[in-house]
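Undergrad: There's a structure below that I have some questions on.
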Amino acid sequence: MWLLLAFLSAVLLGFYDASKKAALKDNAVLPVLLLNTLFSTLIFSPVLIDGLVGKGWFSGTMFDTTEVVGDLKAHFLVLIKSVIVLTSWIAGYFGIKHIPITIVGPINATRPVLVLVGAMLFFGERLNWCQWIGVVLSILSIYMMSRSSKKENIDFTRNKWMLFVAIGTIMGAVSGLYDRFIMQELSPVFVQTWFNFYQLLMMAAVCMTAWYPVRKTTTPFHWSWAIPLIAIFVAAADFAYFNALSRPEAMISVVSLIRRGSVLISFACGVIIFRERNLKAKIFDLLLILIGMVFVYFGSR
C-alpha cells in the first residue's frame, strides 16, 4: 500500500510543479505562495476544526482527528518542518519562475540522492555499490545539464536563480530526512493540518514585511486559476506521502525516489504546455538521472 501511495504522490507532484510554473508566469512570487498556503489550509480546515471541537465528523476514516490536538512537543516538531519546507518553497518558487521547468524538474529529481547522502552522514547509513553508481550518475547528469543549459543563456555558476533552485532542492532533501524522523512519532493527519496552518502564518508575515511595502515597485500580482490548483495538487500529494511514510514497512529512500518520478510529468508539461527548447540534450540529462534512480532503487531494496 505504501508503494501505491508513493506513486500517487509522484503523479500529483508532477502536476503541482506544472501548476507552479503556470501560476508564476509574469506574477509576483510571494503572494502566489501565500495563496497556496491559504488554500492548502482551507482544504484541511474541516479536519482541523473537527479535531479541536471533538465532533467526530471524520471518525473511522483516513482523516480521523483523534490525534489532531497534540502536545507541545508535537507542535514544535511540525513547526520545525514548516520552517524547512517554507524555505524550500520560497527558494524553489523563485527558481522555477525564472528557470525552464525542463531544467528545474531534473535537478529536483536528484533529491533522493541527497537524501541517501544525508542518511549516510547523519544516520550512519552506508551506501552499497549500486547506490554509489546512482549518486555518481546523478552528479554527472547535473554537470551535463549545466553544459546544455548554456544554450539558453543559463550559467549554473553565475545565474542567481540556479542558486535558488539548488537551495530549494537541498532544503527539500533536508525535509525528507526530517520526515523520516517525525512520521514515526506523529499521525499524518496531525502533521498535514498543522503544517499547513503554521506555513500560512509564517507566509503571511513574510508577505507583510518583504512584499507588501514594495509591491508597487516589483512584479505585480495577478490572479491565476493555476494558483488553487497548486494547493490542491500539493495537499493531495503530501497527504499520500505522509500516509506512505506512516506505514512501518515504508522505506524513506524508496519513497523519496518514487516521488521524484514526478519529473516525468513536469518534463512532459514543459514540452507540451510551455513549449520549452533544447529538448534533445535535456532528454539525455533526464535519462541519466532516471538510470541513476534505478540504481538507487535496486540498491535500496
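The values are calculated or read from the model by the stated rules, or taken from the named source; none is laboratory data. Since this is a predicted model, take the numbers as computed values, not measurements. Note that each Cβ is placed from the backbone with ideal geometry, even for glycine, and that neighbours are counted across all protein chains shown. The area values use the complete protein model at the heavy-atom level, side chains included, leaving out ligands, DNA and RNA. Shrake-Rupley method; radii C 1.70, N 1.55, O 1.52, S 1.80 Å.
Undergrad: If residue 210 meets every condition in (1) surrounded by fewer than 17 Cβ atoms within 10 Å (Cβ to Cβ); (2) under 30 Å from residue 4 (Cα atoms) apart from one, which number is that one?
TA: For residue 210, the failing item is (2).
Undergrad: With the condition kept exactly as written, say whether any residue in the stretch 180-188 is modelled with pLDDT of 85 or more and open to solvent by less than 60 Å² (accessible area, probe 1.4 Å).
TA: Yes, that holds for at least one residue.
Undergrad: For the stretch 222-247, enumerate the residues that are among the small types (Gly, Ala, Ser) and within 16 Å of the chain's Cα centre (by Cα). Explain how you work it out, then say what you get.
TA: To start, the set of residues in the stretch 222-247 that are among the small types (Gly, Ala, Ser) comprises 224, 226, 231, 235-237, 240, 244, 246.
Once the filter is applied, which keeps residues that are among the small types (Gly, Ala, Ser) and within 16 Å of the chain's Cα centre (by Cα), the stretch 222-247 yields 231, 235, 236, 237, 240, 244.
Undergrad: Hey, another quick one. I want to confirm something. Restricting to the stretch 26-57 and keeping residues that are assigned to a loop (DSSP other than H, G, I, E, B) and free of Cβ contacts under 8 Å to residues at least 12 places away in the same chain, which single residue is nearest to residue 235 (Cα to Cα)? First the steps, then the outcome.
TA: To start, the set of residues in the stretch 26-57 that are assigned to a loop (DSSP other than H, G, I, E, B) comprises 26-28, 44, 54-57.
Okay, now just the ones that are also free of Cβ contacts under 8 Å to residues at least 12 places away in the same chain, so 54-57.
On the way: 54: 23, 55: 23, 56: 22, 57: 20 Å.
In this case the residue turns out to be 57.
Undergrad: Also: Quickly run through the stretch 280-298 and pick out the residues that are in contact (Cβ under 8 Å) with a residue 60 or more places away in the chain, open to solvent by 50 Å² or more (accessible area, probe 1.4 Å) and more than 16 Å from residue 111 (Cα to Cα).
TA: Result: 284, 298.
Undergrad: Out of the stretch 153-162, which residues are free of Cβ contacts under 8 Å to residues at least 60 places away in the same chain and in contact with a helix residue (DSSP H, G or I) (Cβ under 8 Å, 6 or more places away or on another chain)? Explain how you work it out, then say what you get.
TA: Step one: list which residues in the stretch 153-162 are free of Cβ contacts under 8 Å to residues at least 60 places away in the same chain, which gives 153-158, 160.
Residues satisfying the conditions are 154, 155, 156, 157.
Undergrad: Please go through the stretch 1-25 and give me each residue that is in contact (Cβ under 8 Å) with a residue 24 or more places away in the chain and over 17 Å from the mean Cα position of the chain (by Cα), ordered by number. Can you show your working first?
TA: Within the stretch 1-25, the subset in contact (Cβ under 8 Å) with a residue 24 or more places away in the chain is 1-3, 5-25.
If the condition is that a residue be in contact (Cβ under 8 Å) with a residue 24 or more places away in the chain and over 17 Å from the mean Cα position of the chain (by Cα), then 1, 2, 3, 25 are the ones that fit.
Undergrad: Further question: Kindly indicate the residue of the stretch 98-146 that is assigned to a loop (DSSP other than H, G, I, E, B) and more than 15 Å from residue 176 (Cβ to Cβ) and also least open to solvent (accessible area, probe 1.4 Å) among those meeting that condition.
TA: Here is the first cut: in the stretch 98-146, the residues assigned to a loop (DSSP other than H, G, I, E, B) are 99-100, 109-110, 123-128.
The next check asks that each one be more than 15 Å from residue 176 (Cβ to Cβ); those that pass are 99-100, 124, 126-128.
Working: 99: 0, 100: 21, 124: 49, 126: 177, 127: 24, 128: 58 Å².
Selected residue: 99.
Undergrad: Let me ask another. Within the stretch 147-176, count every residue that is under 14 Å from residue 281 (Cβ atoms) and open to solvent by less than 20 Å² (accessible area, probe 1.4 Å).
TA: Number satisfying all stated conditions: 3.
Undergrad: Could you grab the pairs with beta carbons closer than 7 Å, sequence gap of 6+ or different chains, first residue in the stretch 230-243 and of a type in the set (D, E, K, R), second one buried (at least 22 other Cβ atoms within 10 Å of the Cβ) and assigned to a helix (DSSP H, G or I)?
TA: 238/192
Undergrad: Only one of these is open to solvent by less than 60 Å² (accessible area, probe 1.4 Å), modelled with pLDDT under 85 and of a type in the set (A, V, I, L, M): 69, 47, 85. Name it.
TA: Values: 69 fails: open to solvent by less than 60 Å² (accessible area, probe 1.4 Å); 85 fails: modelled with pLDDT under 85.
After ruling out the rest, the residue left standing is 47.
Undergrad: Here's something else I'd like to know. Looking for whichever is among the hydrophobic types (A, V, I, L, M, F, W, C), surrounded by 18 or more Cβ atoms within 10 Å (Cβ to Cβ) and over 25 Å from residue 173 (Cβ atoms) here; the options are 227, 272, 265, 258. Which one fits?
TA: Numbers: 272 fails: surrounded by 18 or more Cβ atoms within 10 Å (Cβ to Cβ); 265 fails: over 25 Å from residue 173 (Cβ atoms); 258 fails: over 25 Å from residue 173 (Cβ atoms).
It is 227.
Undergrad: Looking at the stretch 10-55, which of its residues are under 26 Å from residue 100 (Cα atoms) and among the acidic types (Asp, Glu)?
TA: Within the stretch 10-55, 17, 26 meet the criteria.
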